[in-house]
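Below is one structure, written out as structure tokens; the observations come after it.
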Amino acid sequence: MRHLIGNKDILCVCNWAMSIGISDREVRDAVRRMLMRSTDPEFAHRYIDFGEYKIRVIKAYRTATGVGLKESKNWVETGPHKVNLSLAKALQDEGAVVELASGYS
């Protein structure tokens with residue numbers, strides 16, 4: 001069974017990675033991947049597709065995650081992905097097709 005990833009764990013990993021010279025971008029990408037693999041029920045939502053508003057969805061993803069344009073475009077175009085509730089809502093507000101877990105609206 002996997003353990004949930006907490007903020008303390010993420011901070012510890014980030015500090016260690018930057019202390020040995022790993023770039024901010026690589027650290028940010030690694031943290032994002034850790035969060036996506038988390039068993040936290042908050043990540044039970046799924047981004048399916050950008051729908052009719054690809055550019056708006058890319059901008060929303062960039063704003064929410066802080067990644068670059070190329071990474072955002074690739075992520076948006078290669079769905080489906082597991083996402084947390086706040087990202088799911090942000091993408092849904094911009095027209096993306098998002099499947100919310102039961103009990104959320």
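Since every read-out is calculated from the coordinates, none of them should be taken as a lab result. Treat the numbers as computed from the prediction; the structure is a model and nothing was measured.
Observations on the structure shown:
- Note that the stretch 52-57 has calculated 3J(HN,Hα) couplings of 8, 10, 4, 5, 5, 5 Hz, one per residue in order, obtained from phi through the Karplus relation 6.51 cos²θ - 1.76 cosθ + 1.60 (θ = phi - 60°); glycine and proline are x.
- Gained length - K70 relative to R46, 0.36 nm times residue gap less alpha-carbon distance: 6.5 nm
- Between E26 and C14, residue separation times 0.36 nm minus the direct Cα-Cα distance comes to 3.3 nm.
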